[in-house]
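Shown next, in structure tokens, is the structure this report addresses.
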Amino acid sequence: MKKNIFLAVLPLLTMTTAVACENKKNTVDYVNDDELVIYTDTTYPQISADQIDAEAAAQKAGKLSYALNGSHVELLLDNVVVKILDFYYTPSPENITVADYNFDGYEDIFIPYESPADYGTYYCYIPENNTFAENAELNEVGRIMKVTDERVLTEDRSDDLTKRFVEYQWFDAELRPVKKTETFKSAENGEIVTNIYGYDEKGNEFLAG
């Protein structure tokens, strides 16, 4: 017989007092009963399907680490080598970063150039082949980016005169700039000025505030 379960009224700890059943049974009996109906008022956190998929993917892929071996970078998952990257130089470990840059639930890695070291190549995990490959969208930006909790990638384009940050977001498989913030001292009166720019769907920049 089909079991109907309704989660709506009492915490799980009081399940035994909230199960409608003629005979007094223990918890195991309730779970196995054909007429099981559970009521609860417990509030469960809302978790998106994307978040669930991402967490499951990360657990399946294993922990990403790397090892420098001269001009080679060995990429390991749970301490097992799955990819060896060959370079003509020895990458500086200071700017090698690991993060989920494409928000698919798997850790990826950024390997810096010899110079300038804030530019480099992004390698993303490919679960179908259990390996890593260059990501064209990320490499079009090319500069090291930080990952935020809001699923935004932030690029630091600051120079000696201006603090400049560009934010990117993924739209399906396309990485687009969505916001640029510039802060500098006015040459006219010495006041601090902040300009905010937006981008249309074609990537054209406009002054937003």
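Scan the strands (runs of 3 or more DSSP E) fully inside the stretch 93-209 and keep the ones with 1 or more residues being charged (D, E, K, R).
Details: elements: 97-99, 108-112, 120-126, 131-134, 145-147, 153-156, 162-171, 174-185, 192-199, 205-207.
Those strands (runs of 3 or more DSSP E) span 108-112, 131-134, 145-147, 153-156, 162-171, 174-185, 205-207.
A Cβ distance below 7 Å, combined with a sequence gap of six or more or placement on separate chains, defines the contacts here; from the stretch 79-92, residues that are under 14 Å from residue 123 (Cα atoms) reach residues that are of a type in the set (D, E, K, R) in the pairs 84/74.
Of the residues 132, 171, 184, only one is assigned by TED's automatic domain parsing to the domain that holds residue 111 and not acidic (Asp, Glu); which?
Numbers: 171 fails: assigned by TED's automatic domain parsing to the domain that holds residue 111; 184 fails: assigned by TED's automatic domain parsing to the domain that holds residue 111.
Among 132, 171, 184, only 132 is assigned by TED's automatic domain parsing to the domain that holds residue 111 and not acidic (Asp, Glu).
Given the options 128, 201, 137, 94, name the one that is over 23 Å from residue 80 (Cα atoms), out of contact with any Asp or Glu (no Cβ under 7 Å at 6 or more places or on another chain) and charged (D, E, K, R). Break it down stepwise before answering.
Numbers: 128 fails: over 23 Å from residue 80 (Cα atoms); 137 fails: out of contact with any Asp or Glu (no Cβ under 7 Å at 6 or more places or on another chain); 94 fails: over 23 Å from residue 80 (Cα atoms).
The match here is 201.
Restricting the first member to the stretch 136-157 and to residues that are more than 14 Å from residue 179 (Cβ to Cβ) and aliphatic (A, V, I, L, M), and the second to residues that are at pLDDT 95 or above and not in a strand (DSSP E or B), the beta-carbon pairs closer than 6 Å and six or more apart or on different chains are 138/101. Take the conditions (1) over 15 Å from residue 102 (Cβ atoms); (2) at pLDDT below 95; residue 172 misses just one of them, which is (1). Out of the stretch 97-125, which residues are closer than 16 Å to residue 82 by Cα and surrounded by fewer than 16 Cβ atoms within 10 Å (Cβ to Cβ)? Within the stretch 97-125, 98 is the sole residue that qualifies. Scanning the stretch 81-92 for residues that are surrounded by fewer than 16 Cβ atoms within 10 Å (Cβ to Cβ) and not in a loop (DSSP other than H, G, I, E, B) turns up 81, 84, 86. For the stretch 114-124, a residue qualifies if it is at pLDDT 95 or above and not hydrophobic (A, V, I, L, M, F, W, C), and the qualifying residues are 119, 120, 121, 122, 123.
The values are calculated or read from the model by the stated rules, or taken from the named source; none is laboratory data. What you are looking at is a predicted structure, and each value in this text was computed from that prediction instead of being measured. Neighbour counts are summed over all protein chains in view; Cβ atoms, including those assigned to glycine, are modelled from backbone coordinates with ideal geometry.
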